[in-house]
1. Under the rule of at least 5 residues apart or a separate chain, name every residue whose amide H is placed under 5 Å from the amide H of ILE173.
2. Where nothing but the Cβ of Lys and Arg (+1) and of Asp and Glu (-1) is charged, how large is the charge dipole of the chain around its Cα centre, in debye to the nearest 20?
3. Could you compute the net charge surrounding SER5? Neighbours are other residues with a C-beta less than 10 Å from the C-beta of SER5; K and R count +1, D and E count -1.
4. Non-local amide H neighbours of ASP31 (under 5 Å, H modeled in plane, Pro and chain starts lacking H): which ones?
5. How large is ³J(HN,Hα), in whole Hz, for each residue of segment 180-185 in order, when computed from phi with the Karplus curve 6.51 cos²θ - 1.76 cosθ + 1.60 and θ = phi - 60°, using x for Gly and Pro?
6. Report the trypsin sites (Lys or Arg not before Pro) located in segment 67-160 that are in a DSSP loop and have at most 12 other Cβ atoms inside 10 Å of their Cβ, or state none.
7. Which whole-number value in Å² is the accessible area per residue of segment 1-72, probe 1.4 Å?
8. Would you pull out the residues with amide H under 5 Å of GLY68's amide H, same chain only if 5 or more places away, H placed 1.01 Å from N?
Amino acid sequence: LIVISLNQQQELIDLLNLPAEKISQIYNGIDPTIFSLPPGSQTFRRELRIDESIPLVGTVTRLIRKKGAQYLIMAARLLHREFPQVRYVVVGDGPYQSELEAMVKAYSLEGDIIFTGFRPDIPEIMNALDIFVLPTTEEAQSISILEAMAAGKPVIATATGGVPEIVTEETGILVRPENPEELAAALKDLLLQPDKRSLLGQAGRQRVKQYFTDRIMVEKYSLVYTRMASLSDP
């Protein structure tokens, strides 16, 4: 078996009583070069009519309950009075979207939070953000977090599943799941410190290049397949 995080590996050992030697752990990888866009590339902001001076917080995820976009909306509500200029984008689609939109309306945040639906231009979107957020309640390993880090963006995410294996204190902030108050506090911290956002983003980009590229992933899969092929030889 091949799993994508150490957390997932331990779950298989604990829950299914599988021997550790039967499990290989290989992180998902991405091509970081496609997220290295020039700073002046702001097509997404222009489309949404959001000036470069306005802080932009975003998430890219499937809109289902366990991905936790509702907690970002709750955090935005907590921050609205102190940071009325901040805008939030929720990129993605899914069956939970109508409930999320109803929540935004109930909180009177229609001017603050934008739902874009499914988008293919993720590198451009990541480039436009100041802070990336993924308040998921369960996650084996997040591709969108890797993409945000590759784009040089600080990450705020929940300490669940394999997420802490990706996001460190050098690259972002981890908060407890289902905790909009902690999420709001982390957002406030980064909104007030642009220099910190920059340092976290730079460290995140380097971390992806060092541990989470598609090339590293392919090499590790190749080693597993080669080993398995040798075991099956007569």
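The values are calculated or read from the model by the stated rules, or taken from the named source; none is laboratory data. Bear in mind the structure is a predicted one, so any value in this text is a computation, not a measurement. Note that we place each Cβ from the backbone using ideal geometry, even for glycine, and neighbour counts take in every protein chain shown. Each accessible area value is taken on the protein alone, full model and side chains, heavy atoms only, with ligands, DNA and RNA left out. Shrake-Rupley method; radii C 1.70, N 1.55, O 1.52, S 1.80 Å.
1. For ILE173, the qualifying residues are VAL155, ILE156, ALA157.
2. Numbers: 24 positive and 30 negative charges, 48 e Å.
About 220 debye.
3. Taking every other residue near SER5 into account, the sum is -3.
4. ASP214
5. Karplus values, whole Hz, x for Gly and Pro: x, 5, 5, 5, 5, 5.
6. Details: sites: LYS67, ARG77, ARG81, ARG87, LYS105; in loops: ARG81.
When the trypsin sites (Lys or Arg not before Pro) of segment 67-160 are filtered for loop state and at most 12 Cβ neighbours within 10 Å, ARG81 remain.
7. Values: 4040 Å² over 72 residues.
Each residue of segment 1-72 exposes 56 Å² on average to a 1.4 Å probe.
8. Residues meeting the criterion, in which the H sits 1.01 Å from N, are THR137.
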